[in-house]
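Peer 1: Sharing a structure here in structure tokens format.
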Amino acid sequence: MSAKDSRTVLQEAIPEEEFQQQVIDLAELRGWSHYHTHDSRRSAEGFPDLVLARPPTLRGGFDGRVIFAEMKAQKGRPSVEQRAWLAVLADTGKVEIYVWRPSDWDRIVEILA
């Protein structure tokens, strides 16, 4: 099995919750605040899994940013309600919107730099 095949197998095996925790851990290391609703049974359907925010620094190293991220297992797809929320948020033009899967890890590392 090639390294690429091994990576694909690992990406497909990681549960969404574990992947989400990896993203949260990375965000914390990079100075992002985060929010995740742990029990959404009484909430409106479709709201993104993670809200990440980082204010601008006094040194001007980066601008303040807000990210809404829907987390998915490798083969997962957003529901109709999730796509609707992501579209509304994207239409504001004020925040970053992502649907992240384990195969997006390298890009996530770049985004949260």
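Peer 1: Within region 1-60, work out how many residues are part of a helix (DSSP H, G or I), at pLDDT below 95 and touching a strand residue (DSSP E or B) at 6+ places or on another chain (Cβ under 7 Å).
Peer 2: 1
Peer 1: Restricting to region 72-88, name every residue that is under 12 Å from Phe47 (Cβ atoms) and buried (at least 18 other Cβ atoms within 10 Å of the Cβ).
Peer 2: Gln82, Trp85, Leu86
Peer 1: Could you check how many residues of region 89-113 are in a helix (DSSP H, G or I), surrounded by 14 or more Cβ atoms within 10 Å (Cβ to Cβ) and of a type in the set (Val, Ile, Thr)?
Peer 2: 2
The values are calculated or read from the model by the stated rules, or taken from the named source; none is laboratory data. Quick caveat, the model's predicted, so the values are computed rather than measured. Virtual Cβ from ideal backbone geometry, glycine too; neighbours counted across all protein chains shown.
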